[in-house]
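Quick notes on the structure that follows.
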């Protein structure tokens, strides 16, 4: 039966249903389900080795799942992987362009791969050169470009065929903060034109830029929602920031207190979770008894980092509890 040229799905750009991927005895992705509406910037956040890249490669038709199903732009990841590739742009975390080719040769090469017509490719090349700030560098060997320029060129090549969905796998890994911010300006511009953006990252500040984020850890989806929503739903207790010296000694001491649910280093301070605001005075008293110098103690709004650390610790505790 001939597959339809146009997808017949609803407003979901990506639909994942109980997706699993095993590599031998190792489970890289463990029964995850979620969806991404069309036009959304969706962030897939997690530490290295959490399953982000494996998930994105299954969605792009590069890897076959062990179990479960998925749809990308209305096409089945199991049976229509080649059709998916026609409708998506993909930028891997490793530089994927040909470094011995010139800037324009890379653009033309990817344009030919995606079957872009000669006239349209000429227009798209002009757009990419302008977007990547590479005007005048068309004949430059790609290897000689700075990391930031290479990154922009790779993004342009992923967009040369004007895909409906753009997959970015840790696109700013190893890039300086200024270049990262500049790259995200380009992502906003692309999304503003109606392209769905699915981006994996382990940077908390990048996750803040997304419409929604999914937190993945050890192959499992442990949270899903808008960044602000996740912070507001930080329900493990009252978050307190403590400036104290010496920090490590204070951390060890706080872990012994029965009313402190959690404590972690946060910059030069400590973030701890307590159950009740009345315990603030108790903390000061206990720290004084322990001869620890408290310079400031105050309630704070949870950051995404706080949320993520809390969720990871909870997941680890669940695993340890299941092993006992």
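The numbers here are math on the coordinates, done by the rules we state, and not lab data. If you're wondering where the values come from, they're calculated on a predicted model, not measured in any experiment. Cβ sites come from the backbone with ideal geometry, for glycine too, and all protein chains shown count toward neighbours.
Descriptive notes on the structure:
- Estimated inter-spin distance, residue 189 and residue 248, nm [label 7 Å along Cα→Cβ]: 4.7 nm
- Helical runs assigned H by DSSP (4 residues or longer) give the chain a calculated mean residue ellipticity at 222 nm of -11000 deg cm²/dmol, each run adding -39500 (n - 2.57) before division by the residue total.
- Residues in region 231-260 that a label on residue 277 would reach, taking backbone N under 19 Å of a point 7 Å out along Cα→Cβ: 232-242, 260
- Three-way shape label, region 231-323, alpha-carbon gyration tensor, a/c 1.5: prolate
- Placing one equal scatterer on every Cα of region 124-199 and applying the Debye formula, the log10 ratio I(q)/I(0) at q = 0.11 Å⁻¹ is -0.26.
- Summarising the label geometry, the points placed 7 Å from Cα in the beta-carbon direction at residue 99 and residue 233 lie 4.3 nm from one another.
- DSSP beta bridges confined to region 12-225 are antiparallel in about 55 percent of cases.
- Taking the fewest neighbouring Cβ atoms within 10 Å as the starting point, the ordered list for 210, 157 is 210, 157.
- Footprinting exposure proxy for 173, 117 (fewest neighbouring C-beta atoms within 10 Å first): 117, 173
- Here r is the Cβ-Cβ distance between residue 176 and residue 315 and R0 is 56 Å; the resulting FRET efficiency, rounded to 0.05, is 0.95.
- Pairs of Cα atoms nearer than 8 Å and 6+ residues apart set the relative contact order; for region 104-257 it is 16 percent.
- Spacing of the modelled spin labels on residue 301 and residue 79, each 7 Å from Cα toward Cβ, amounts to 4.8 nm.
- Fewest-first ordering of 108, 126, 241 by other beta carbons within 10 Å of each residue's beta carbon gives 126, 241, 108.
- Pairwise centroid distance, computed over Cα atoms, of region 254-301 with region 212-226, Å: 29 Å
- Across the chain, C-alpha contacts under 8 Å between residues 6 or more apart give a mean separation that, scaled by the residue count, equals a relative contact order of 18 percent.
- The chain: most fluctuating residue of 80, 245, 12 per GNM, C-alpha cutoff 10 Å: 245
- By average C-beta atoms within 10 angstrom, highest first, the peptides 284-292, 305-313, 67-75: 67-75, 305-313, 284-292
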